Amino acid sequence: MGSGNAAARTDVDAVVIGAGFSGLYMLHKLRDGLGLNVRVFEAGQGVGGVWYWNRYPGARCDSDAFVYCYSFDEQLLQDWTWSGKYPEQPEVLAYLEHVADRFDLLPDITFGTYVTAAEYDDATARWTVTTGAGEVVTAQFLITGIGHLAISKYVPEIPGLDTFAGDWYHTGGWPHEDVDLRGKRVGVIGTGSSGVQSIPVIAEQASHLTVFQRTPQYSVPARHETADEEFWREVKANYGEIWRRAKTSAGGFPWQHNGKRALEVSEQERLATYEALWAEGGIRFAVGSYRDLSYDDAANATVSDFIRDKIRQVVTDPETREKLIPTHPFMSRRPIVDTDYFETYNRDDVTLVDVRGTPIVEITPSGVRTSSAEYELDVLVFATGFDAVTGPYFNIDIRGRDGATLTKNWDAGPRAYLGLQTVDFPNMFMITGPGSTLGNLPNSIETHVEWIADCIDHMRRNGLTCIEATAEAQESWTDEVNTAAEASMFSRADSWVNGANIPGKARAYVFYFGHFGKFRQRCARVAGNGYEGFHLR
Ligand code: NA7
C-alpha cells in the first residue's frame, strides 16, 4: 500500500484528477490493489465531484439508488442502505464521503487544488503535472476522473447579466450555504434535468417563479418512495444477480426491454405496458418496455405520443399546456425523471415563458426582457447545462507527445479508443472519456477503472512502461461511436450529447450509444487479446 502521506510526494506512479465516483475508486484500485504511489488532485474542498458541486434545490439522483453505487465491495453493498429510490444530493455525497473514509482515501487526495497543466515527456514516458497552487508532480500515468460536466458550467452570453441587481446562480455551482428564496421573484432559464428537478422545489419557496423554456421536454414521474426493510432484505440477498443483470444490460440498469417490438403488439397491449411502467415511474419507463423505441421512429412515436398525452392530462391551462408539448422524439435527449414537474405549471404563482417564440433579448437590472415582455426578478437561476465532456478536458492545458494538444486534436470533435485513451497522449487514461457509455454511470466508471488498473498491472508485470492507443483503433472506434449514434434516437435532436448546446462547439457524439454489456465485453476482449489496438512498449 502507498504511504498515504500524499503531501510529501512529488514523483509518483499515478496522478488522478478528480475525487468523484471515478477518482475515488481509481485511487483505491491503484494504491490498495497494486501498491502504487498515487496522488489525487480535486478542485473541490471535499470528495464527490459532480455531487459536490450540484447542490441546487431538488438535486437528486435519477438512477435507482440500489444500483447507483459501487459494486466492487460486497461488504460495502451490505452495509450501506439508501433511504429510498432516488436519494437527494446530500445523501449521494454522504455515500461518497463514507467510501472515502471507509477505504482511508483522504490522505492521498489534495483538495481545493485544480490541475492547470500536464505535459508528457517522451524520453521518460512520464507526465509532469502542475496545479493552480504551483505544485509540480511527475507521474508515469495521468488518469482523468474529471467527469463529463461538473467543472464546465455553461452560462449563455445574454447582454446585461452584469447589470442584474439581484443574485444569480448556476445550478451546477450552487452555493454551499442556504439560499433563501422565500418571498422572492425567481426566474429559471433552462428545462433540462437540472431545471426540471429544481423548478418544483423553487416554486414551493418563491413568491413567484418564471420559467424561461426554449425546448419543451419529456419527463417521466420518478414516483420517488422511501425503501423499507423488506425491500433492502430482498435487494441485498440478490445483489449478485442484480449486478450480473446490470452489467450485461443495454444501459447499465438491471432491467431489460421486454423483447418485443412496439408495433408487433396490439394498441391495447402497448398502452397497458406503458401505463404499468408509467405507474412505476422512473428511468425504467425508458428502458423497460419495447426494444425498438430507441432506434425505430414509428415505434418511438407510440411512446412519444403516450407521454404527450400524459402532459396534456396534467396541465390545466390550455396555452401553457401546448407550450409544454415536446416535438422531438422521446429519448432523443437524455431522459428526464421528475417529481411534480408538470403539476407545477398549474400553480397560480408559476409562469411559463416560451423563449423560442419570444427570445430573451437582455437581462436588465430588474429582470429579464424578452422580445415581447419584461419579467421582474429578484433571483435568476441558470439551469443552462454544461460544456459537456470536452469542456473539462479543454480547461486543463494537457500536452501530449511533441506538444500535441487536445484542443487541436479534438477540434472537429473528441476521438478516443473505447473512451480510454487518445492518440498522442501516451500513458494518459480517461475514466469514461469521450466515446464511452452513458447510462448508469457508476457502472460505466467501474468498467473503466477496473480495466485501467488491470492494464497497469499487466504493464508492470511485463516490464512495459508506455501504452498508447493506435490511430487505426481510434478511428475505427470513432466510426462505431458515430454509427451507433446515427442509428439511435440521439441523432434526432440537438443537445449536450452531440455538442449542439454550446454555440460554436464542434458537432460530434461524445458517447457510445451502443449496448453497455457488449461494450464491457469488448473492453475485456481487447485486454484479453493482448491489448489489441494499443501500442505497448
Ligand atoms: P441540459 O440538459 O443541457 O439543459 C440545459 C437547458 O438550458 C436546456 O433546457 C436548454 O435549452 C437551456 N438553455 C441553454 N441555453 C439557453 C439559452 N441561451 N436560452 C434559453 N435556454 C437555454 O443541462 P442540465 O444541467 O439540465 O442537465 C445536464 C445533465 O446533467 C443531464 O442530462 C444529466 O445527465 C445530469 P434547449 O433544450 O437546449 O433548447
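Listed by chain and number, the lysines placed with their C-alpha closer than 21 angstrom to that of Lys310 are Lys323; residues fewer than eight positions away on the same chain are left out. Using the Karplus relation 6.51 cos²θ - 1.76 cosθ + 1.60 with θ = phi - 60°, the per-residue 3J(HN,Hα) values for region 30-46 come to 6, 6, 8, x, 10, x, 8, 7, 9, 10, 10, 10, 9, 5, x, 8, x Hz, with x marking Gly and Pro.
The spread of Cα positions in the chain, taken along each principal axis and listed from longest to shortest, comes to 70, 57, 46 Å. Here the translational diffusion coefficient of region 356-458 follows from Stokes-Einstein with Rh set to the Kirkwood radius across Cα pairs; for 20 °C and 1.002 mPa s it amounts to 126 µm²/s. Of all the Cα-Cα pairs you can form in region 297-433, what percent are over 17 Å apart? Result: 74 percent of Cα pairs exceed 17 Å. In terms of its alpha-carbon gyration tensor, region 267-311 comes out rounded; the largest-to-smallest axis ratio a/c stays below the 1.5 threshold. Excluding ligands, DNA and RNA, the accessible surface per residue across region 1-154 is 33 Å² with a 1.4 Å probe. Rolling a 1.4 Å probe over the protein heavy atoms leaves Tyr154 with an accessible area of roughly 50 Å². Measuring nothing but protein heavy atoms, the accessible surface of region 144-290 at 1.4 Å probe radius is 49 percent carbon and sulfur. Each principal axis of the Cα atoms in region 323-376 has its own extent, and those three values, largest first, are 37, 25, 16 angstrom. Backbone amide hydrogens, once placed in the peptide plane, bring Thr364 within less than 5 Å of Arg369, excluding anything fewer than 5 places away on its chain. Taking packing as the residue-averaged number of other Cβ atoms within 10 angstrom, the listed peptides 389-402, 263-276 run from highest to lowest as 389-402, 263-276.
Peptide packing for 55-64, 79-88 was compared via the average number of neighbouring C-beta atoms within 10 Å per residue; ordered from the highest value, the list is 55-64, 79-88. With coordinates expressed along the principal axes, the C-alpha atoms belonging to region 200-256 extend over 48, 29, 11 Å, beginning with the largest. log10 I(q)/I(0), Debye, Cα-only region 261-342, no solvent, q = 0.17, 0.26 Å⁻¹? Listed by q, the Debye log ratios stand at -0.69, -1.46.
Largest first and in whole Å, the equivalent-ellipsoid semi-axes of region 401-537 read 26, 18, 12, each the square root of five times a Cα gyration tensor eigenvalue. Close amide H partners of Ile398, meaning residues 5 or more places away or on another chain with modelled amide H under 5 Å apart, are Ala118, Leu406.
Whole number in Å², please: accessible area per residue of region 252-292, 1.4 Å probe, ligands, DNA and RNA not counted.
Roughly 47 Å² per residue, with all protein chains present.
Against the compact-protein benchmark of 2.2 N^0.38 Å, the Cα-based radius of gyration of region 452-515 scales to 1.54. Volume per residue of the convex hull around the Cα atoms, evaluated for region 58-127, comes out as 165 Å³.
What is region 1-158 by shape, rounded, prolate or oblate, if you read a ≥ b ≥ c off the alpha carbon gyration tensor as root eigenvalues and call it rounded for a/c under 1.5, prolate for a/b larger than b/c, and oblate otherwise?
oblate
Sorting 354-360, 432-438 by their mean Cβ neighbour count within 10 Å, with the most densely packed peptide first, gives 432-438, 354-360.
Per residue, the Cα convex hull of region 29-94 amounts to 102 Å³. Scanning residues 5 or more positions from Gly46 or on other chains, those with amide H under 5 Å from its amide H are Gly112, with H placed 1.01 Å from N in the peptide plane. Rounded, prolate or oblate for region 94-174? Axes are the square roots of the Cα gyration tensor eigenvalues, ordered a ≥ b ≥ c, and the cut-off for rounded is a/c under 1.5. Oblate, since a/c reaches 1.5 and b/c is not below a/b.
For the pair region 494-537 / region 52-116, the C-alpha centres are spaced 25 Å from each other.
In order along region 445-460, the Karplus-derived 3J(HN,Hα) couplings, from 6.51 cos²θ - 1.76 cosθ + 1.60 at θ = phi - 60°, round to 5, 4, 4, 6, 4, 5, 5, 4, 4, 5, 5, 5, 4, 4, 4, 5 Hz, and Gly and Pro are given as x. Each residue of region 307-321 was assigned a 3J(HN,Hα) from its phi angle through the Karplus expression (A = 6.51, B = -1.76, C = 1.60, θ = phi - 60°), giving 5, 4, 4, 4, 4, 4, 5, 8, 7, 8, 6, x, 5, 4, 4 Hz with x at Gly and Pro.
The values are calculated or read from the model by the stated rules, or taken from the named source; none is laboratory data. In this text the structure is predicted, and so the values were computed from the model without any measurement. Counting neighbours? That spans all protein chains shown, and the Cβs are built from the backbone with ideal geometry, glycine included. Surface accessibility is based on the protein's heavy atoms, side chains included, excluding ligands, DNA and RNA. Shrake-Rupley method; radii C 1.70, N 1.55, O 1.52, S 1.80 Å.
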